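Participant: Here it is: the structure, laid out below.
The values are calculated or read from the model by the stated rules, or taken from the named source; none is laboratory data. For clarity, every value in this text was computed on a predicted model and none was experimentally measured. Note that each Cβ is placed from the backbone with ideal geometry, even for glycine, and that neighbours are counted across all protein chains shown. With ligands, DNA and RNA removed, areas are computed over all heavy atoms of the protein, side chains included. Shrake-Rupley method; radii C 1.70, N 1.55, O 1.52, S 1.80 Å.
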Amino acid sequence: MTDSAVRHAAILLIGTDERTLRIMTWLLLEAGFELAKTATAAEAVERAPLLTPAVIVIDGAPGETREEARRTAASLRAAFPMARRVCLHTHDGAAEHWHAEAEGHLHRPFHADDLLELIRSLLTVSVGSKSSHDHH
């Protein structure tokens, strides 16, 4: 992606808590990204025809079983095959099942620069490639 395309890329936030959502919204909009938000991965898949994210940031769903997480991840991958995925999680491993599905990871608490650097780095590598910034 060109520098201009990277700055204006669409980011989809899925399932982030209200506080994190406010912080990420402000950071990403300030950085020039377009933003969409859904409460759940199922809602994102349902709205797929209307969304064209370059990057999906998903908050691990601690209530999901591993099988539910695998099905959800497969649905997201099918609905958004060109989007890069970032898993947002805590160090307690609650989102462990998303680990293998994501091209990038961001551990809470995170620094604003880490979020922006991770997203920008994912936008400059081909789909399916691992970022050099896998674990922030």
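Participant: Inside region 103-135, can you point out the residues that are part of a loop (DSSP other than H, G, I, E, B), under 18 Å from Asp17 (Cβ atoms) and modelled with pLDDT under 85?
Facilitator: Arg108, Pro109
Participant: Please give the number of the condition Ala73 fails out of (1) within 15 Å of the chain's Cα centre (by Cα); (2) at pLDDT 90 or above.
Facilitator: So the condition that Ala73 fails would be (2).
Participant: Among the listed residues Glu96, Glu43, Glu18, Glu30, identify the single one that is open to solvent by 30 Å² or more (accessible area, probe 1.4 Å) and at pLDDT below 85.
Facilitator: Only one candidate qualifies: Glu96.
Participant: List the pairs whose first member sits in region 29-48 and is part of a helix (DSSP H, G or I), whose second member is among the polar types (S, T, N, Q), and whose Cβ atoms are under 6 Å apart, counting only residues at least 6 apart or on separate chains?
Facilitator: From region 29-48, the pairs are Ala41/Thr72; Ala44/Thr38; Val45/Ser75.
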